[in-house]
1. Suppose we filter region 266-282 for residues that are in a loop (DSSP other than H, G, I, E, B) and surrounded by 12 or more Cβ atoms within 10 Å (Cβ to Cβ); how many remain?
2. Just a yes or no: is a residue in region 239-250 without any contact (Cβ under 8 Å) to a residue 60 or more places away in the chain and either among the hydrophobic types (A, V, I, L, M, F, W, C) or in contact with a helix residue (DSSP H, G or I) (Cβ under 8 Å, 6 or more places away or on another chain) (or both)?
3. Would a scan of region 251-260 turn up a residue that is farther than 30 Å from Val61 by Cα, in contact (Cβ under 8 Å) with a residue 12 or more places away in the chain and among the charged types (D, E, K, R)?
4. Please work out if Leu153 is modelled with pLDDT of 90 or more, under 19 Å from Arg245 (Cα atoms) and aliphatic (A, V, I, L, M).
5. Got a sec? Which of Ser98, Ser166 is modelled with pLDDT under 90, among the hydroxyl-bearing types (Ser, Thr, Tyr), farther than 30 Å from Ile220 by Cβ and loosely packed, with under 13 Cβ neighbours inside 10 Å?
6. So Cys300 passes all but one of these: (1) assigned to a strand (DSSP E or B); (2) modelled with pLDDT under 95; (3) under 16 Å from Ser51 (Cα atoms). Which condition number does it fail?
7. Being part of a strand (DSSP E or B) and touching a Ser or Thr at 6+ places or on another chain (Cβ under 9 Å) narrows it down to one of Gln247, Gln285, so name that one.
8. Any idea which residue in region 187-208 is farthest from Leu221 (Cα to Cα), counting only those that are open to solvent by 70 Å² or more (accessible area, probe 1.4 Å) and in a loop (DSSP other than H, G, I, E, B)?
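The values are calculated or read from the model by the stated rules, or taken from the named source; none is laboratory data. Computed from a predicted structure; not experimentally measured. Neighbour counts run over all protein chains shown; Cβ positions are idealised from the backbone, glycine included. Side chains included, ligands, DNA and RNA excluded: accessible areas come from the protein's heavy atoms. Shrake-Rupley method; radii C 1.70, N 1.55, O 1.52, S 1.80 Å.
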Amino acid sequence: MKRSPRRGIYKVVRVVGVSVFLLLLLGSLGWVYRSSFLTGSLKVEIARQGSIDHLQTVAAVFANEETLLKAPGAGTTEFLVQEGERVRKGDLIARIHSGGVVLGQENAATAHDLYASSGGIVFSVIDGLETYLTPENLLAMDVGKILQPTQELSTTQEAQEAQEPSPPQSSGSVAAGKVIGKIVNNLKPTVAVLKVEPKGYEVGKSVKLIIDDQNYSAKILRLLDNPHGLVVQFNQYINGTSQKRLQDISLVQRPSVSGVLVPKSSLWSKGEEQGVYVVKEGAIQYRKVKILDQNDQVICVENLPHGIPVITNPRTGIDGLIMNIKNVSQS
């Protein structure tokens, strides 16, 4: 029986079709294997909106207008206000109780009242620098000599916590005229010495500072050569500076820059272009970026959307590779 020529053609077509399909399948599997193999060691991080701050940690010594409280008589002190409470001029602050036996004669118990000579915040703990470390002295005297007694103070958190006064309502017996506390005028601006190289700063200009995560502005009143530093005046009283005279604070060296942040290691150059490799719809793509700012860890860029995955260890030959990043979490 003679075979039909058409059946032979169909057979050839089937063989060729199956062969092409197998080749395509093998090619696809090979490409997936190649992509998986080449992308297995790549690391990914999510680009995020943020800013780069330029801060310098500096030691600061603070001075405020402080008035000492002296016992109006001998006896036992009873404070009538809470520690850190604000009082007005003329308010009753404390009472000194006295009485007992003198030369065999019994004396009637007496009380000496202590009134606020000025308005401010009352503290029962002093450090002996109240009349020495003052705003006036920092502006007119040898700051190096003024700061010598502060060398014994510490900027460590443990020491600062140790300086935090407990709120005693009474203390032991005191002699007449003994200092039992102080009033800090919180309506007068705080003055500080910043221990920083004064080169590049000008009297009359302002500096930006961060203290306990709060932003402040201070005017430069004096440049210091010994020790190197600046005398600055804030536009307000800074809470806590009468107790923690020495603190490490942040000096803003230049304004922050905002944009999309990516790791510095993700930057890749193509000729004169700079960019990063991103993963979009499962494929690795190169994106040219404009660098706005950078530090040792991150770069701040334009032309990049927030939330896009970025390759942090790029290398040659990864363009177009398929990468599964479903296990990558956004930071």
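1. Residues of region 266-282 in a loop (DSSP other than H, G, I, E, B): 267, 271-272, 281-282.
Among the residues that remain, those that are also surrounded by 12 or more Cβ atoms within 10 Å (Cβ to Cβ) are: 267, 282.
Summing the residues that are in a loop (DSSP other than H, G, I, E, B) and surrounded by 12 or more Cβ atoms within 10 Å (Cβ to Cβ) in region 266-282 gives 2.
2. Within region 239-250, not a single residue is without any contact (Cβ under 8 Å) to a residue 60 or more places away in the chain and either among the hydrophobic types (A, V, I, L, M, F, W, C) or in contact with a helix residue (DSSP H, G or I) (Cβ under 8 Å, 6 or more places away or on another chain) (or both).
3. No, the conditions are met nowhere in region 251-260.
4. Judged against the criteria, Leu153 is not a match.
5. Matching residue, one of Ser98, Ser166: Ser166.
6. Only one criterion in (1) assigned to a strand (DSSP E or B); (2) modelled with pLDDT under 95; (3) under 16 Å from Ser51 (Cα atoms) is unmet by Cys300, namely (2).
7. Gln247
8. If we filter region 187-208 for residues that are open to solvent by 70 Å² or more (accessible area, probe 1.4 Å), which is where we start, we get 187-188, 195, 197, 199-200, 202-203, 205-206, 208.
Filter again for in a loop (DSSP other than H, G, I, E, B), leaving 187-188, 197, 199-200, 202-203, 205.
On the way: Leu187: 19, Lys188: 16, Glu197: 15, Lys199: 14, Gly200: 14, Glu202: 9, Val203: 5, Lys205: 8 Å.
Restricting to residues being open to solvent by 70 Å² or more (accessible area, probe 1.4 Å) and in a loop (DSSP other than H, G, I, E, B), the top hit is Leu187.
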